[in-house]
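We did not get these values from a lab; they are worked out from the coordinates using the rules stated. Owing to the predicted nature of the structure, the values given are computational and were not obtained by experimental measurement. Virtual Cβ from ideal backbone geometry, glycine too; neighbours counted across all protein chains shown.
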Amino acid sequence: MKKVKTAVFEVRERSELFDFVSAKMKNMSKTKIKSLLSHKQISVNDRIETVYNFLLHENDSVTINFSKQRTDFHHAKLRIIYEDDYLIAVDKSEGLLAVATEKQEDVTAFHIIKDYLKKQNRNNKLYVVHRIDRETSGVLLFAKQKDIQLALQENWHKDVHERVYFAVVEGIVEKDSDSIVSWLTEDDKSKKVYSSRNDNGGKKAITNYQVIKRSDNLSLLRIELKTGRKNQIRVHMLDIGHPIAGDKKYGAVTSPIGRVGLHAAILALRHPITKKIIRFEAAIPKKMTDI
């Protein structure tokens with residue numbers, strides 16, 4: 001078994017992590033120190049730290065792991081766009097389930113990312129924060145700790161500052177912008193969501209949209225969710241008579257890009273630990289903009 005080479009240093013006075021490591025490892029280049037940080041080979045008090053200006057305090061313990069090999073992540077349908085000790089955000093392609101259901105045990109984004117984390121440390125865990133549909137592409141967020149998952153879910157409506165989607169819808173949408181408000185209920189048997197413009201005891205849903213472009217009997221919309229209900233955008237587009245292209249379940253009769261034309265582009269929320277607003281973005285697929 002290959003021996004793990006480490007160096008452990010005790011902090012004597014307040015200092016930023018990069019400066020501290022640089023002072024202790026005088027022969028190490030700045031590029032090498034940055035590499036150690038980005039590859040998660042430096043920990044403070046047994047906790048991995050990747051932020052170069054992390055503030056150290058007296059009696060902190062800094063460990064440098066020289067042997068640890070980076071676990072590269074490559075997958076045709078997933079791209080990691082953000083990762084820290086608490087969260088991991090990915091850009092998911094269409095056709096990949098976010099999380100397994102009772103009837104579907106296919107390969108999922110959850111299982112792929114969980115395997116990636118397990119390769120780094122078998123004790124690593126992953127928790128679902130929210131979901132997007134199989135045929136929807138874009139930003140998907142997971143938590144690495146149970147308490148982080150619960151904190152995000154319990155404060156989701158308060159801490160999420162922005163959720164933006166882009167959709168290719170059938171027909172020429174006449175209004176340049178509008179707000180759709182209705183109450184949504186789900187049929188237990190069909191699992192289809194229905195909308196009512198009157199309060200019928202369902203969940204209130206609010207969707208704002210803006211037309212970006214109109215062409216060839218299609219419209220490209222920028223959609224901002226004010227609530228996050230199941231199938232909300234899909235149902236609301238049907239409500240205004242412009243179902244999402246490719247979405248046969250909710251009224252579409254065409255499929256110009258060979259998939260449901262919906263993409264989760266932006267998710268901005270308050271970080272449960274740092275309390276700072278973090279913003280995750282996934283570029284609109286070329287298929288959606290080309291048409």
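Computed 3J(HN,Hα) for segment 260-270, one whole-Hz value per residue from the Karplus formula 6.51 cos²θ - 1.76 cosθ + 1.60 where θ = phi - 60°, is 6, x, 10, 9, 7, 8, 9, 9, 10, 8, 7, glycine and proline marked x. For segment 157-243, the set of GluC sites (Glu not before Pro) satisfying both a DSSP loop assignment and a count of at most 13 other C-beta atoms within 10 Å is given as Glu174.
Taking the average, over residues, of other Cβ atoms within 10 Å as the packing measure, peptides 6-12, 216-222 rank 216-222, 6-12 from highest down. The simple Förster model, with R0 at 22 Å and r as the Cβ-Cβ distance, assigns Thr289 and Ser179 a FRET efficiency of 0.35.
Converting phi to 3J(HN,Hα) with the Karplus coefficients 6.51, -1.76 and 1.60 and the offset θ = phi - 60°, segment 245-255 yields 3, x, 9, 4, 4, 10, x, 6, 10, 10, 8 Hz in sequence order, with x at every glycine or proline. Using +1 at the C-beta of Lys and Arg and -1 at the C-beta of Asp and Glu, which of Leu140, Ile42, Tyr127 has the Cα lying farthest in the positive direction of the dipole of the chain? Ranked along the dipole, the leading option is Ile42.
In this structure, His57 and Leu150 have a Cβ-Cβ separation that, at R0 = 30 Å, corresponds to a calculated FRET efficiency of about 0.55. A Cβ-based charge dipole, computed about the Cα centre of segment 78-159 with Lys and Arg at +1 and Asp and Glu at -1, lands at about 300 debye.
Residue-wise HN-Hα couplings along segment 223-234, as the Karplus relation 6.51 cos²θ - 1.76 cosθ + 1.60 with θ = phi - 60° gives them from phi, are 10, 10, 7, 9, 9, x, 9, 4, 6, 4, 5, 4 Hz; Gly and Pro carry x.
Counting every C-alpha pair in the chain, the share spaced more than 33 angstrom apart comes to 35%. At full extension, Ala23 and Asp199 could sit 56.9 nm farther apart than now, given 0.36 nm per residue minus the alpha carbon distance. When the alpha carbon gyration tensor of segment 161-265 is reduced to an equivalent ellipsoid, its three semi-axes come out at 21, 16, 12 angstrom, largest first. Distance distribution P(r), segment 78-159, all Cα-Cα pairs, bin width 5 angstrom from 0: 3, 15, 25, 26, 20, 9, 1 percent. Charge tally for Asp91 (other residues, Cβ to Cβ under 14 Å; Lys, Arg +1; Asp, Glu -1): +2.
If R0 equals 35 Å, the separation of the Cβ atoms of Lys32 and Lys230 corresponds to a calculated FRET efficiency of about 0.15. For Lys32, the lysines whose Cα comes closer than 20 Å to its Cα, not counting residues fewer than 8 places off in the same chain, are Lys5, Lys24, Lys40, Lys68. One Cα centroid belongs to segment 120-143, the other to segment 206-239; the line between them spans 24 Å.
Computed from Cα positions, the angle between helix 109-120 and the longest principal axis of the chain comes to roughly 0 degrees.
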